[in-house]
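**Student:** Attaching a single structure in structure tokens format; questions to follow.
Nothing in this text is a laboratory measurement; each read-out follows from the coordinates by a stated rule. Predicted model, so just to flag it, every value in this text is computed and none were measured. Note that each Cβ is placed from the backbone with ideal geometry, even for glycine, and that neighbours are counted across all protein chains shown.
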Amino acid sequence: MMDVIDQASASELPPVLHKSPRRFSWILAIVVISFGLCAGAAYYWTDIEAVSATSSVREFASTPGLPPEDREALSEIRSGQQRARDELAELNRNIGAQQADLKRMADQIEALTAKIESLQNIPAPASVLSAPSPPAAHPALRPAKRVVQPSKPEGPISVGGAPLIPEPGSDQR
């Protein structure tokens, strides 16, 4: 009777748990190898800069058989490269400063825009509109002349400039 209960409880387990532990060891081995490869790549990546820097120094030192003109040309090329690096660094600093100035100006414009909008949304007090202040009397200033515009004609208006023919039933004033 005990064997039947053991078989029943064993069959209730999911099929994944019935697998052998060899699968787990394979997965563990793949994970360990992956981590090892990643660590090696990271070490190589950080060490590559040191190798490239020392190789350029060795290259210059390992050229004793070159004629003096070639050595001078190499030194001029290297000094030109250094100047180009310095100029690029200077340009990058200038670009950073200009971007900071641009951001500062954009922030100022945003603040001024917000101020203008808030001032436009504030209703003007009625007392200021109803009683305008008297203008200050300056002897040198003359009162402004009012420009009188001609009255607008009533009735149909020609857009193109041609005279309009009045309709037969319209009243002329």
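**Student:** Calculate the FRET efficiency for L74 and A100 from the Cβ-Cβ distance with a Förster distance of 41 Å, rounded to the nearest 0.05.
**Tutor:** 0.55
**Student:** For L164 paired with R83, estimate the spin-label separation in nm (one decimal), with each label point 7 Å from Cα along the Cα-to-Cβ line.
**Tutor:** 7.8
**Student:** Tell me the label-point distance for the pair E117, F35, using the 7 Å Cα-to-Cβ offset, in nm and rounded to one decimal.
**Tutor:** Distance between label points: 5.4 nm.
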